[in-house]
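Asker: Here you go, one structure.
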Amino acid sequence: MNKLRILLNVIIVLSTSTIVGILTLDNLEDANNSVLIEIFLQVMHVSLFIGAILNLIHFVKDRKYLFFFLTALPLVLFGIALIGMAYDFKFSNLSLIVFDFYLIFWFFFLLIREIDNLKAIKNLKVDD
């Protein structure tokens, strides 16, 4: 399960970073990469949903409720955005940028944490 969480955290970070990069490139060069944006956006959505749920389960088991809250926050905001689509509600561009960078920083932190935990477990097995 650790390796799956690591993989999904990597996908979340990479897809979100790629979206930010493509959007920046589009604005700088007046280009239109909407197909690439849509592909990476869907990858980010699916990996965020699955990865966040797996992380939430892990945090409940370990009783890390602050981590649980910080991981659930993007899911709640994503749910609000989905519901808002029915009522023609959209978040501002600034809030979307903040959301994307939150995803990048938070899930990169979780990724580093998971890798450190795997290294510690591996070192314990070698020492035994």
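Asker: Where does the charge balance sit around Asn32 when Lys and Arg score +1, Asp and Glu -1, over other residues with C-beta under 14 Å from its C-beta? All intermediate terms of the calculation are to be shown ahead of the outcome.
Answerer: Values: positive: none; negative: Asp26, Glu29, Asp30, Glu38.
Its environment carries a net charge of -4.
Asker: Among Phe59, Ile97, Val76, which residue has its Cα positioned farthest towards the positive end of the charge dipole of segment 50-128, with +1 placed on the Cβ of Lys and Arg, -1 on the Cβ of Asp and Glu, and the dipole taken about the Cα centre?
Answerer: Value computed over the given set: Phe59.
Asker: Where does the charge balance sit around Leu110 when Lys and Arg score +1, Asp and Glu -1, over other residues with C-beta under 14 Å from its C-beta?
Answerer: Taking every other residue near Leu110 into account, the sum is +1.
Asker: How about segment 1-88: which chymotrypsin sites (Phe, Trp or Tyr not before Pro) there lie in a loop by DSSP and see at most 10 other Cβ atoms within 10 Å?
Answerer: Taking segment 1-88 and a limit of 10 other Cβ atoms within 10 Å, the loop chymotrypsin sites (Phe, Trp or Tyr not before Pro) found are Tyr87.
Asker: OK, next. For every helix of n ≥ 4 consecutive DSSP H residues, a contribution of -39,500 (n - 2.57) applies; sum these over the chain, divide by its total residues, and give [θ] at 222 nm rounded to the nearest 500 deg cm²/dmol.
Answerer: Result for the chain, helices only: -31500 deg cm²/dmol.
Asker: May I ask you to list the lysines whose Cα is less than 25 Å away from that of Lys119, ignoring any residue fewer than eight positions away on the same chain?
Answerer: Correct list for Lys119: Lys3, Lys61, Lys64.
Asker: What residues from segment 76-93 fall in the zone where the backbone N is under 13 Å from a label point 7 Å along the Cα-to-C-beta line of Ile53?
Answerer: In segment 76-93, the label zone of Ile53 (backbone N under 13 Å from the point 7 Å along Cα→Cβ) covers no residue.
Asker: Something else: Determine how large the accessible area of Lys119 is when every protein chain is in place; take a 1.4 Å probe and give Å² rounded to the nearest 10.
Answerer: Here the accessible area works out near 120 Å².
Asker: A further question on this structure: Over 16 Å, how big is the tail of the calculated P(r) for segment 74-123, in percent of all Cα pairs?
Answerer: Percent of Cα pairs beyond 16 Å in segment 74-123: 55.
Asker: As an exercise, use a Förster radius of 30 Å and the Cβ-Cβ distance of Met1 and Leu94 to find the FRET efficiency, rounded to the nearest 0.05.
Answerer: The calculated FRET efficiency here is 0.25.
The values are calculated or read from the model by the stated rules, or taken from the named source; none is laboratory data. Note that the structure is a prediction, hence the values are computed from the model and not measured. Because the Cβ atoms are built from the backbone with ideal geometry, glycine has one as well, and the counts that use them run over all protein chains shown. These area figures cover heavy atoms from the full protein model, side chains too; ligands, DNA and RNA do not enter into them. Shrake-Rupley method; radii C 1.70, N 1.55, O 1.52, S 1.80 Å.
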